[in-house]
Each structure stands twice: as structure tokens, then as C-alpha cells.
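The values are calculated or read from the model by the stated rules, or taken from the named source; none is laboratory data. Everything numeric here is computed off the predicted structure, so don't read it as measured data. Cβ atoms come from the backbone with ideal geometry, glycine included; neighbour counts cover every protein chain shown. Each accessible area value is taken on the protein alone, full model and side chains, heavy atoms only, with ligands, DNA and RNA left out. Shrake-Rupley method; radii C 1.70, N 1.55, O 1.52, S 1.80 Å.
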Amino acid sequence: MSRTPPRFPPLRRVLGHWRGPGVILAAVGLILSMLSTGSASARADLRANDKTGGSSSAPSVKAPVRVAEFVAECPFTHRLPDDPIVFPGLPGASHMHRFFGNDSTNAHTDLAALKKGRTSCNPIADLSSYWTPTLYDNGKEVEPTGTTFYYLGEGVRDDVIANIKPLPAGLRIVAGNAKATGVDDPSSISRWSCLHHGEVNPSKDFVNCPSGSMLESYLDFPQCWNGKDLDSPDHKSHMAYPVGGQCPATHPVAVPKLRQVLRYPVSGDPSRFKLASGGGFTMHGDFFNAWPEDEMARRVRDCINPIIKCGADGRP
């Protein structure tokens, strides 16, 4: 609400026919008093507007999105028939893999080697290595154009999220089953869908995506750790999936859940597609953690535990 500024009488009317310095000084004092009163009223109006929002233009603070998440975008780096988790020290012993993130990964890779390597990831602090079986379209290798690795708190209760611990340096995790026998095999956890086409039902095997769309692969890694081993003989027993919103007693340490999301620039008849490991249901992923411990700890503390959505820089 605006207030009409005070109107002051002309000095001539105040003085009338009187003359002399005393009268002039008195008139000047009267006008200054009127000005002071007007300024006080204007200040009161401003204070009222600040309280009611009537004319205040102060920017509002945007609340953080309540999702426990930070991400790493890690483009394709190289391709090798190596697997430093399943076949360590044995070059060429595996089917063909595509590698993301650390560009030094090969059959002889260990944590020390990863720490010396370079990365394709954003953020560059992430020196981890990620790898999956190569996709073929009529025998031709296809590399994904979208490669996002989400670190999430979902899958467990909020009180568990509040106590999630950082992934330990050197932890190795395998998700999915390269030897799955079909879509009905419970060991297969693959999920294929079409970008921006929710009308196509997801499947454990390849799906037929409309022209102009892209084939998407989703894979969730286990998020419960036994608290002791960085790997295990079968490369899976040291990790487990949560049950009923919490980690089982055998694997009591909740860590961020890694979700691998890959997008391939192919669509159409899925009979053309094949993985180096077989059908779409054999999709699997390997992860070798080489995040600097302080960077991982900060992201868990600032993004995962308080359930805040963060970007690649680990900030809301």
C-alpha cells in the first residue's frame, strides 16, 4: 500500500506578512518537522511491507530436493577382453568388455594402479573403474552415448539412510549374472527400456524401441556390505541386497547403492542385438572403487545421509 506524500504549504503562506529572522527560523523549523514526520511514515510503510511481502522483492531460498543421490558421468574409454575382478592377472581370459572411468584398467589392475590412472569421469576425483559386456548390433560393436552412475540411498528406510557409510577404497562389486539362462532366471537383474517411451514395457531382455529412441540399460548393485572383505571368492558373497528396507545381519553395513544407467544409440528389431556374454538377460556390471576416501565421505555426509540430491560436484 502506498501513502500519499505529505503536502506542505508554501513558505510565503507560513510567513504571511510577518518579517524578521526569528519568524523565518520558526517557519523553517516547522517545515523540517513535517519532513521528519513524512519520512517516519514512509519507513513504517516499508517495515509493514517487509512483514507482509507487499512490496518486498527479496529472492526466496530454494529448498534442496529430498533424494539421497550424487552422480558420476563416466564416458567410454576403451575395450578389452579383460576382467580384473573375475579373471585377475589373465589378459584375454574374458569376453569383450567396455570400460568407463579409469582409462588404465586391464587384467592386472589393482587399487594402486587405479590411483595412478586418469579418468573420463565428471567429477575427475572419481578414479573408479566400471565395466560391462560389449553390445553388438548385427555383429557391430555399439558404444553407449549416455553413461551415468548414480550413488543412491534408496532401497532402505530413512533411518538406515542416515547411517549409510562410505564405500571403502578398493571395494569390488559385481551385479547381474553373465551366465543367466533366460528372462525367468532369478539371478538375472537386468532391465532394458526405451528412452522417453514409457509405453514400451521394460524387460530383462532387449526391447523394441521406436525409431528415434534409444535402448536403455539399468542395473542396480547390492548396497549391504559384510564390513570386512573388499572381495570374495565368488565376487558376490561379501555384498547383499537389503531385505524389508534394511540390511541383513550377515551384511550389516549399508553403503550407497550404485545404479548403472547406459543409453545406446540403437532402436528397432531387438533380434539384431547381442551382448558379448549372450542375451540381454546376461547384462552385468563390475565396479572397482577408487574414489578418494575424503571425497566419498563428503558426498555420503552431505548428500546421502541427509537425503539431498547432489550433482557431480557432490553439492546440492
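The number of residues in the stretch 237-250 being over 25 Å from the mean Cα position of the chain (by Cα) and either basic (Lys, Arg) or within 19 Å of Gly176 (Cα to Cα) (or both) comes to 2. The single residue among Ser217, Ser188 that is among the hydroxyl-bearing types (Ser, Thr, Tyr) and over 26 Å from Asp126 (Cβ atoms) turns out to be Ser188.
Does the stretch 248-264 contain at least one residue that is among the charged types (D, E, K, R) and touching a Ser or Thr at 6+ places or on another chain (Cβ under 7 Å)? Write out each step before concluding.
Keep residues of the stretch 248-264 that are among the charged types (D, E, K, R), which gives 257, 259, 263.
Within this subset, residues satisfying the condition of being touching a Ser or Thr at 6+ places or on another chain (Cβ under 7 Å) are 263.
Within the stretch 248-264, one or more residues are among the charged types (D, E, K, R) and touching a Ser or Thr at 6+ places or on another chain (Cβ under 7 Å).
Restricted to the stretch 57-124, the set of strands (runs of 3 or more DSSP E) holding at least 1 residues that are under 21 Å from the mean Cα position of the chain (by Cα), under 20 Å from Pro292 (Cα atoms) and aliphatic (A, V, I, L, M) comprises 69-73. Which residues, taken from the stretch 128-177, are part of a loop (DSSP other than H, G, I, E, B) and open to solvent by less than 30 Å² (accessible area, probe 1.4 Å)? Of everything in the stretch 128-177, those that are part of a loop (DSSP other than H, G, I, E, B) and open to solvent by less than 30 Å² (accessible area, probe 1.4 Å) turn out to be Ser128, Thr134, Pro144, Gly153, Val156, Ile164, Leu167, Pro168, Ala169, Gly170, Leu171.
Under the condition of being touching a residue at least 12 places away in the same chain (Cβ under 8 Å) and under 23 Å from Ser104 (Cα atoms), the residues counted in the stretch 284-312 number 13. Within the stretch 115-132, one or more residues are out of contact with any helix residue (DSSP H, G or I) (no Cβ under 6 Å at 6 or more places or on another chain), free of Cβ contacts under 8 Å to residues at least 12 places away in the same chain and not polar (S, T, N, Q).
Yes/no per residue for (1) farther than 20 Å from Phe76 by Cα; (2) modelled with pLDDT of 95 or more; (3) among the hydroxyl-bearing types (Ser, Thr, Tyr):
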residue: Ala249; (1), (2), (3): yes, yes, no
residue: Pro252; (1), (2), (3): yes, yes, no
residue: Val255; (1), (2), (3): yes, yes, no
residue: Leu258; (1), (2), (3): no, yes, no
residue: Val266; (1), (2), (3): no, yes, no
residue: Ser271; (1), (2), (3): yes, yes, yes
residue: Pro292; (1), (2), (3): yes, yes, no
residue: Cys310; (1), (2), (3): yes, yes, no
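Here is a list: Gly278, Gly314. Which entry is in contact with a Pro (Cβ under 9 Å, 6 or more places away or on another chain) and open to solvent by 10 Å² or more (accessible area, probe 1.4 Å)?
Gly278
Scanning the stretch 200-219 for residues that are open to solvent by 30 Å² or more (accessible area, probe 1.4 Å) and touching a residue at least 60 places away in the same chain (Cβ under 8 Å) yields Ser203, Lys204, Asp205, Asn208, Met214.
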